[in-house]
Every structure is written in structure tokens, then in C-alpha cells.
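A.B. asks: Have a look at the structure that comes next, please.
The values are calculated or read from the model by the stated rules, or taken from the named source; none is laboratory data. Given the structure is predicted, the values throughout are model-derived calculations rather than measurements. Quick reminder, even Gly has a Cβ in these numbers, built from the backbone with ideal geometry, and neighbours come from all protein chains shown. Just the protein is used for accessible areas: all its heavy atoms, side chains included, with ligands, DNA and RNA removed. Shrake-Rupley method; radii C 1.70, N 1.55, O 1.52, S 1.80 Å.
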Amino acid sequence: MCGIAGIINLNQKLESSSSLIRMTKSLKHRGPDDEGYMLYSDQPTVFFGNDSLVKNTHHILTSTNLAFKVGFGFRQLKIIDLSNKSHQPLTDISKKFWIIFNGELYNYREIRHELEGLGHHFLSNSDTEVVLNSYKEWGKKALEKFNGMFAFAILDTVENTVFIARDRIGIKPVYFHKNDTHFVFGSSVQSIIKTKLYQPEINWEGLWQNFRFTTAQRPNTVFQDILALEPAHHLTINLSNNSIKKERYWEIPTQTQDFSLTEKQSKNLIEESLYKAINYRLISDVEIGSFMSGGIDSSLISVIASKSKPDIKILTIGFQGLKNFDEVNYAKETANAHNLNHIIEQANATDTFKDLKRSVIAYEEPYHTIAANFTLAKMAAKNKTTVVLSGLGGDELFGGYDVYNKISLWEKLRKNKNIINVLPGIHPKIKKGKKIADCKTLGEYYSHYYTNFYDSEIENLFLNKRFNTTSTLENLYASNRKFTDTFEAMSFYNLTSYIGNHQMRALDVTTMAFSVEGRFPLLDHNFIETSFKIPTKYKIKNNTQKYLLKEIAKKYLSKNVMQMPKKGLSIPLKKWIETDLKEFVFDTLQQLENRNIFNNTAIQDILKSKNETKIWQLVSTEIWLQNFIDK
């Protein structure tokens, strides 16, 4: 788990490596253990930095007058192969291929064995060297063999190209900026800004999407002229003519349900795939922990992980004075039943407030709430767990969210819009946004349901700007996609929009802010492919959401835990806005009003509404503006 940085000169050769040095140093939190550089013009030359473990070359500061076509910078968090042999940028035996690799390849041992059979030799025990030799052997098709999370770049001096790839789900990020003179890419937007080759500006369409969907929809960002490489994509930059080619190498497998499967067969398939995904993610040369909120998904993963690794640290967070809000008691019950190494910490508004600015800077975009994951990552670092497992993915794949149960209601509303006036217990998202009956497609329905601000509200807030996001998600992710049923469509949208854009960005930046690696067994691509084979009737059965996953969990979790009400891992934002953070919120919104870039009347109306997510969206926007645009 690391930070990658790269500059490719598209015009005349750069005369200074200062931009690359600044870029790489900004990623130290992602990789505090090692530092390295490679500059390439006619021949690759390696350099070390102040934090480098390998110092048998020249210091990077001696390179400031050297011209280069391609520059790689690297910061390493050591997880697999703690020796200096895994130092990056790493080259092959021929020294014609160079790689910077962020992430983990979980099946690297199997692939290494295959490569050795084909005549490849290895100098380290790292997964990075396996990725590099795989590319040498199979080119871009190597990506089809990889099981893991990754973002990497390979300089191929034979073909005179730079190859950049991102994992299937988008767990590891790649951002890039291109103009007429250079192509800059890295693990964070901040790293690109630090080069001073880019001046940050607001991308108003991206910010609009951020308000609507809680994050700009990739490849868009809230920064003008900075894009994100989409999940399951790769870029090839031809250094001879500066052409750039982007391709997709994997798709979420819709229309693959196997209706011949029985419930028992489906259960066995999922449990077997889950065990394999979890055990893959226990491969590490450093200490591993597991986040356990108390809910089914994280508890199931923690218990199964403990079967293979009994000493794994199980981390749970509670909230001081708000015991009814958290799930600590359920987590305790599971931990006691399985004799888990359980660690509990209590969060409070004061400590959270101290980390507020740091968390917003880490997110690099405005965010509609204070993320509990930031507090959890801090807890993991405090307890010296460099790697942590997360239960993210169960709700998306098996129908844990309320949106899955409301699909049939939307379909009824489409046929008879007046039914909204007679049905009891209408969900707020449907009752308040009565236009849901006008949603013509599943993409529009999903966009309506998963929204913080509606387009009309954003239009009232943003001065002299207008974007229509009704069909944004459908156009980006599913314009030519067909689905077996509506459940499958919701699962698809949740993986592409919510997981791929929102959750993965949030979890990557919060964990890496504390030099911690997050791993996600339920987002293993083989597990996802298996899940999409399972008929929908086993995912929601007799109005029981996540039915199949719960049937598996019954073997490991108590009846009390199985029947707990769904809360999710979140911060008591509403309570804190009304108490501990009240003055801070008022002062911050006043600063936002002083900018005169939004409708100040609309800001006051939002404050009076006491809608905590909309209020916090504005608060975080002001903090974002201060730390990215103003500076």
C-alpha cells in the first residue's frame, strides 16, 4: 500500500525534478517507510530521497538540472516483503521495464509459480515484481489474472509507452491532469497540485454532482481539468507521439443469474467464495485487524478471519453519551462468543472536531457528513494494526438497503401516481420527492433515491449555473446495459456509483491518512461474480433482506445480533451540530456567505431546515474552498 507519482513530458524535456519531488513528498502519509525516484530520458536513472532505505545511487536533489521525459516517484507502506529488495521504482532483470505499484495482489503466489514455469526469475518476494513480470509476459491481458486492489504505472522502454491501470472496483485511486506540455498522475489530487504545474479551480459541474450524489461522478472531480481513471480501466501513453488510449478490461457481470441453483447450492457457493476472499486478505507480513461495528457483515468477516488468524485485533467504535446510537453491545456479544481479541474505543465531538480540518483535506472533496471511518482508521493506527478488514459490500450485493424493498412501490407509482396519497408508511424519499413517480428508468429512480440535494435545490443555491443530473448515472454507467431484474440493476448502480465513487474514495483516503491499509473481502471480484450468479429470490426472501448472507451468518452470530435493527456505521452528526459544533457551524457558514458565490438566502434556509447532511455539505464546502482553492 503506497503512493505513486508520475510526470510525463509531452513537449520539451523538463529541466527540473522539483515538481516530482514535491509531488512525491506530499504522499508520505500513504507510504512512510520508503521513498524512491526514477527519471527516464534515453536511459532510466534511479535516485533516493531522505526517507529511502536504499541509498546506493544519487540523492534526488542532485537531479534538479537533469532533463527527463518520464519521472516516477514512490512512497511505500511495507506490507508484503519487508526487505529492501521490494524498493520502488522497481525494475526487471533486463532493466527495460520499471514499475510503481500501489496496492496488493492477493494471488501473487499462484501467478509467480506460473511465471517461474515460463522461465521468469525473481529477485524479491514482493507482489510488485509479480505484477511487473506479468506485464512483460502477457501485456495488458495480465490484468485479467490479477485478484487484488491496485493502481500502478509501468514504463516500457521496449514499446516506448507508459501503462497505467486501476483495479476492477476502484479501491486504489489514480488522478491525472493533462495539458499541452505534460501529463501528471498520482494517488491524490493534492499531489498533482503540489507539482505547481496545475492551478486548482472549481469544476462547477463536478461540485454540482458532489452536492447531488455526495461525490463527483468519475471520471469527473470537483477540480477543473483533473480527472480520475475509472475502475477497471487502463491508460496507455505512447511516448513517441504522445497519444493516449483508454480501455476497460472488466465489467460487472449482469444477466448471469443461474436459475438452476438451489438455495442450498447458492449458500454453499457464497460461503466458499467468502472464505477464500477473506483468507486472501489475511496475507501480510505486518499485523492485521478487522473493523467490527456490531452489524452482520463486519461481524461475519471478523469471526471467519479469526478462524485462520486467532490473534487478529477486532476494532469497534462507540460514542460517548450516545449508547443507543452505536452497536457496541452487539459487538461485545460476538467477541465474547468467539473469544476475539476485542478493542473498543469511544468517540466524542471534541476529539472529532480536532481532526475536522485534517479529515476534509484528506477527502479532497466536500463531504456531507463527518466520516466514522476517519475515527476508525485513527484507532487502527493507534493500536498498530497496519492492515484492517472491512465489511463493506454486503448491503450492495445482497439488498441490505431500503431502496431494494421500495422498487416495487416505485413501479406501482409509475402506473398510478395517485397511490402515493393512500399508501401508509411511505418512505420520506418517496413522499417528499413526489416526482419519483415521473422517474422513467431505474437509473432515474436510483438517482432520485440516492441524493442529498435535488437539482432544483442546487440550482437555487448555485448562482447562474445549471446542470441536469437526472440521467447522469445512467449515461455514465448503464447506457447500453441490460439487467435480469430490478434488484440486479440496483446492485449494479450501488457498485458503480456508490461503492466505486463514494465509498472507495472515502475509505482509501481515511485509512491512508493514518498509513493504514483497508481490505474488503466482500468486494473481491470473484466474490462479486459469484454473487451475481445467485438468483435474486435468495437475496431477498419473505421480505427478509440479505436473506442468503444472513443464513450463512446464523452459523457464526447469535440470534440477538442477527435480529438487531440496522444502524450502519456513522457519526451522530445531527446531535453534534445542535450542541458541540453549533458555534463552529454558524461561523463557517458565515464565511461561506462572505464569498458571494452561492445564494446566501438559500444557505440560511438550509441552516433553518436543521437537515444535518445539507448543513454539513455547506460546512465542508467552505473548509474545502479554504484549503484547496484559496491556497
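A.B. asks: First check a/c for the range 171-235, with a ≥ b ≥ c the square roots of the eigenvalues of its C-alpha gyration tensor; if it is under 1.5, answer rounded, and if not, answer prolate when a/b is larger than b/c or oblate otherwise.
C.D. replies: The shape class here is oblate.
A.B. asks: Something else: Starting from the Cα gyration tensor of the range 55-124, take the square roots of the eigenvalues, sort them a ≥ b ≥ c, and report rounded, prolate or oblate (rounded when a/c is under 1.5, otherwise prolate if a/b is larger than b/c, else oblate).
C.D. replies: Note, shape of the range 55-124 comes out prolate.
A.B. asks: Something else now. With a probe of 1.4 Å, find how much accessible area the range 465-624 has per residue, and write the answer as a whole number in Å².
C.D. replies: 40
A.B. asks: Now for a different question. Using the basic label-point model (7 angstrom from Cα toward the beta carbon), what is the LYS608 to SER558 distance in nanometres?
C.D. replies: Roughly 4.9 nm, to one decimal.
A.B. asks: With the Cα gyration tensor of the range 340-414 in hand, give its eigenvalues times 5 under a square root as the equivalent ellipsoid semi-axes, listed largest first in whole angstrom.
C.D. replies: The answer is 33, 19, 11 Å, longest axis first.
A.B. asks: LYS332 to LYS465: extension gain in nm, 0.36 nm per residue of separation minus the Cα-Cα distance?
C.D. replies: 42.8 nm
A.B. asks: The range 145-182 to the range 482-547: how many Å between their Cα centroids?
C.D. replies: 24
A.B. asks: Assuming R0 = 56 Å, can you tell me the calculated FRET efficiency for the pair ASN11 and SER284, based on Cβ-Cβ distance, to the nearest 0.05?
C.D. replies: 0.85
A.B. asks: Next question. Take the cross-link list LYS412/LYS482; LYS141/LYS196; LYS78/LYS559; LYS332/LYS533; LYS267/LYS482 and give me the ones stretching past 31 Å between alpha-carbons.
C.D. replies: LYS141/LYS196; LYS78/LYS559; LYS332/LYS533
A.B. asks: A 19 angstrom limit on the alpha carbon distance is what I want to check against. Which of LYS440/LYS465; LYS406/LYS541; LYS276/LYS378; LYS406/LYS555 exceed it?
C.D. replies: Result: LYS440/LYS465; LYS276/LYS378; LYS406/LYS555 exceed 19 Å.
A.B. asks: Per the 1.4 Å probe, what fraction of the accessible area of the range 189-318, in percent, lies on carbon and sulfur atoms?
C.D. replies: Carbon and sulfur: 46 percent of the exposed surface of the range 189-318.
A.B. asks: If you don't mind, there's one more thing I want to ask. When we measure straight from the Cα of LYS140, which aspartates and glutamates land under 14 angstrom away, once same-chain ones fewer than 8 places off are left out?
C.D. replies: Within the straight-line limit of under 14 Å, LYS140 reaches these aspartates and glutamates: ASP156, GLU159, ASP167, GLU247.
A.B. asks: Here's a follow-up. If amide hydrogens are placed 1.01 Å from N in the peptide plane, which non-local residues have theirs closer than 5 Å to the one on SER52?
C.D. replies: GLU35
A.B. asks: If you roll a 1.4 Å probe over the heavy atoms of the protein chains, what accessible area per residue do you get for the range 134-196, in Å²?
C.D. replies: For the range 134-196, the solvent-accessible area averages 30 Å² per residue.
A.B. asks: Given a 1.4 angstrom probe, I'd like the percentage of the accessible area of the range 430-535 that is carbon and sulfur, rounded to a whole number.
C.D. replies: 47
A.B. asks: Give the lysines whose C-alpha is closer than 16 Å to that of LYS95, dropping any in the same chain fewer than 8 places away, or say none.
C.D. replies: Within reach: LYS85, LYS136.
A.B. asks: While we're on this one: Considering the options GLY318, LEU229, PRO366, tell which one lies farthest towards the positive end of the dipole of the chain, charges being +1 on Lys and Arg and -1 on Asp and Glu at the Cβ, about the Cα centre.
C.D. replies: GLY318
A.B. asks: I'd like to know which of LEU495, ILE21, MET38 lies farthest towards the positive end of the charge dipole of the chain, counting +1 on Cβ of Lys and Arg and -1 on Cβ of Asp and Glu.
C.D. replies: Of LEU495, ILE21, MET38, it is LEU495.
A.B. asks: Could you give each residue of the range 222-229 its phi-based ³J(HN,Hα) in whole Hz, using Karplus coefficients 6.51, -1.76, 1.60 with θ = phi - 60°, and x for Gly or Pro?
C.D. replies: 7, 9, 4, 6, 10, 10, 10, 5
A.B. asks: Right, here's the next one. Percent of accessible area on the range 1-131 owned by carbon and sulfur, 1.4 Å probe?
C.D. replies: Whole-percent figure for carbon plus sulfur exposure: 51.
A.B. asks: What shape does the range 203-249 take by its C-alpha gyration tensor, where a ≥ b ≥ c are the square roots of the eigenvalues and a/c under 1.5 counts as rounded, a/b above b/c as prolate, and the rest as oblate?
C.D. replies: oblate
A.B. asks: With θ set to phi - 60°, apply the Karplus curve 6.51 cos²θ - 1.76 cosθ + 1.60 along the range 597-602 and write out the HN-Hα couplings as whole Hz, x wherever there is a Gly or Pro.
C.D. replies: 10, 10, 6, 5, 5, 5
A.B. asks: Something else about it: D for the range 1-112, whole µm²/s, Stokes-Einstein with Kirkwood Rh over alpha-carbon pairs at 4 °C and 1.567 mPa s: what number?
C.D. replies: For the chosen part, D equals 91 µm²/s.
A.B. asks: If each residue of separation counts as 0.36 nm, what is the full-extension length gain between LYS412 and ASN348 once their alpha-carbon separation is subtracted?
C.D. replies: 18.7 nm
A.B. asks: Where only protein heavy atoms count, and the probe is 1.4 Å, what is the accessible area per residue for the range 222-316 in Å²?
C.D. replies: Value for the range 222-316: 40 Å² per residue.
A.B. asks: How large is the dipole of the chain about the Cα centre if only Lys and Arg carry +1 and Asp and Glu carry -1, each at its Cβ, rounded to the nearest 20 debye?
C.D. replies: 1240
A.B. asks: Once both labels are modelled 7 Å past Cα along the beta-carbon direction, what's the LEU261-TRP138 spacing in nm?
C.D. replies: Roughly 2.4 nm, to one decimal.
A.B. asks: Would you work out the charge dipole size for the range 164-321 about its Cα centre, treating the Cβ of every Lys and Arg as +1 and the Cβ of every Asp and Glu as -1, and quote it to the nearest 20 debye?
C.D. replies: For this selection, approximately 180 debye.
A.B. asks: Percent antiparallel among DSSP beta bridges with both residues in the chain, to the nearest 5?
C.D. replies: Of those bridges, close to 75 percent are antiparallel.
A.B. asks: Related question: For ASP81, what residues show an amide H to amide H distance below 5 Å, using hydrogens built from the backbone and excluding near sequence neighbours?
C.D. replies: ASP285
A.B. asks: Another question, if that's okay. Is there a quick way to get the dipole size of the range 491-538? I mean about its Cα centre, with the Cβ of Lys and Arg at +1 and of Asp and Glu at -1; what is the value in debye to the nearest 20?
C.D. replies: Charge dipole of the range 491-538: 200 debye, to the nearest 20.
A.B. asks: Hey, can you grab everything whose amide H is under 5 Å from the amide H of ILE540? Only 5+ residues off in sequence or another chain; H modelled, so Pro and N-termini drop out.
C.D. replies: TYR547
A.B. asks: Ok, one more. With a Cα-only, solvent-free Debye model of the range 118-167, what are the log10 I(q)/I(0) values at q = 0.23, 0.29, 0.30 Å⁻¹?
C.D. replies: So the normalised log intensities are -0.94, -1.36, -1.40.
A.B. asks: HN-Hα J couplings of the range 95-110 from phi, Karplus 6.51/-1.76/1.60, θ = phi - 60°, integer Hz, Gly and Pro as x?
C.D. replies: 6, 9, 10, 10, 10, 10, 10, 10, x, 9, 10, 6, 9, 5, 5, 5
A.B. asks: I've got another one for you. Once you put a point 7 Å from the Cα of LYS440 and another 7 Å from the Cα of THR544, both along the Cβ direction, what distance in nm separates them?
C.D. replies: Output for this residue pair reads 4.0 nm.
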